[in-house]
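Quick note: the coordinates plus some simple rules give every number you see, no bench work behind them. Since we're looking at a predicted model, the values are computed, not measured. Note: ideal-geometry Cβ built from the backbone for every residue, glycine included; neighbour counts use all protein chains shown.
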Amino acid sequence: MQSPRLAFFRLMWLWMALSSFVAIEPSPHDYLFVLLFAVAIAFSFLSFQDYVLIPFFLMGIFLSANLLSLFFSFAYLSRALWFLGVTFYLLVTWFFLVGLLQTFGSRILNIIFRGYMFAALLAAFVGILAYFGWIPWAEFFLKYGNMRVSSVFKDANVFGPFLIPAVLYGIYLFENKRDFLVRAYGVIAVILLTLGVLLSFSRAAMGHYLISLLLYFSLPSAVSLKKRITTILALVIFVLPFIFIILNQPQVNDLLFMRAGLQEYDSDRFGTQLASLKMAMERPLGIGPGLSEQIFNYATHNTYVRVLTENGVLGMLSFFYFVVLTLLRSIRHSLNIFGENSRFSNIVTATLAGILLSSLVIDTLHWRHFWLFLALPWIPLNNERDSE
């Protein structure tokens, strides 16, 4: 009979493997989380050390600011309650992941990244097949007149960014594993995932991809210079030809060229952000969770502006301090290149920095994988008591 811990680890892998199937809500990923959370509580798989008190405190303030802003949202109370419910759910997943990282350390990291890679590859594979019409009901996996891939996501602007951490993980496998099959798997994964990012035609995703890739190679690493040069050459030799093949497809080339510049709706985005900032000055306690679309008839397309406008100054300060503190902690892990729990630190830091920069031009607050990467840096550092 398998132990509860082994069964839990397998469920964790499945939870991560299902993390891309979010076209419907609640998704299978969400239902499985309820089971995982119950099992973790029942078997005391969650533990918390003193150094996580500060992020807990900041998230408590952020949640309080959300609740306070509800008093100004009675005209749209059902929408505000729904939005707040989703935010609270994501905070609970963050709490759950931080507790697991305190208990299991690097063991749970391996499971998380393997499951995430499976989810990303499956989403990319389905999206590529759908884009070229190689599977039935392809239109269900495409958006905006079947021009952009959303795959098993609701939005192409979430699908594209979701693939980027897996791209970095594929590079990690190529650089750090000696087994030829594993290294080949890493290269093939990077090719498929990169094509998926391109076919999302998301400007934010493409910017995120380039920023995260540059940061990954810029951060300190235990990988030798020779291996690093080999990795870059492999990317050029194996990945670039596939990119050029895709770009030579007329429909791809035309749409990429069109989306490279400013779009007609960009003025609406900037106008909404300006109106939101003016409203934030008039309503420093916020207008209510998720009400930007109702008040301005358009999304802010800026996470920080959304939080400031909807949750007030208190909500913005607590959220901003929390994400900066998390990023700084992730950088500390990256500098500790030989730490056992710093194995994937460059992936986490590069991904998190990319999402935080993307948050200037897109709403990321309810991205499930954003909260995953806000949790991962809170794994114990070498000089902190590790309960493994």
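Values computed for the structure shown
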quantity	calculated
Percent of Cα pairs exceeding the 16 Å cut-off, where the set is segment 278-382	59
Ascending count of other beta-carbon atoms within 10 Å, so fewest first, for Ser27, Ser200	Ser27, Ser200
Cα Rg, Dmax, segment 1-149, angstrom units	18.9, 55
Sequence ranges 310-320, 169-179, 216-226, 109-119, ranked by mean other-Cβ count within 10 angstrom, highest first	310-320, 109-119, 169-179, 216-226
Contour minus Cα-Cα distance for Asn253 and Val92 (0.36 nm per residue)	53.8 nm
Order of Lys154, Lys143 under a 10 Å beta carbon neighbour criterion, fewest first	Lys154, Lys143
Helix-only CD estimate at 222 nm, as mean residue ellipticity for the chain, using -39500 (n - 2.57) per DSSP H run (n ≥ 4)	-22500 deg cm²/dmol
Gain upon complete extension [Phe43, Asn297; 0.36 nm per residue less C-alpha separation]	86.8 nm
Under-5 Å amide H pairs with Thr364, H placed in peptide plane, nonlocal only	Thr303
Counted charge near Thr309, where neighbours are those whose Cβ lies closer than 15 Å (Asp, Glu -1; Lys, Arg +1)	+1
Sequence of Trp371, Trp378 once ranked by neighbouring C-beta atoms within 10 Å, starting from the fewest	Trp371, Trp378
Overall Cα dimensions of segment 197-236 - principal axes, largest extent first, Å	34, 20, 9
Descending Cα extents along the principal axes, segment 30-84, whole Å	43, 30, 12
Evaluated at q = 0.08, 0.12, 0.13 Å⁻¹: base-10 log I(q)/I(0), Debye formula over Cα of segment 75-226	-0.30, -0.65, -0.75
Cα extents of segment 119-163 along the three principal axes, largest first (Å)	23, 20, 12
Percent RCO, i.e. relative contact order, over segment 274-318, from Cα pairs under 8 Å lying at least 6 residues apart	48
Scaled radius of gyration (Cα, divided by 2.2 N^0.38 Å) that the chain gives	0.99
Extension gain from Ile229 to Arg332, taking 0.36 nm per residue of separation minus the Cα-Cα distance	34.6 nm
Relative compactness, segment 203-340, computed as alpha-carbon Rg over 2.2 N^0.38 Å	1.46
Computed P(r) (all Cα pairs; segment 69-149; 10 Å bins; percent)	15, 22, 23, 30, 10, 0
Contact order relative to length of the chain, as percent, for alpha carbon pairs under 8 angstrom and 6 or more apart	23
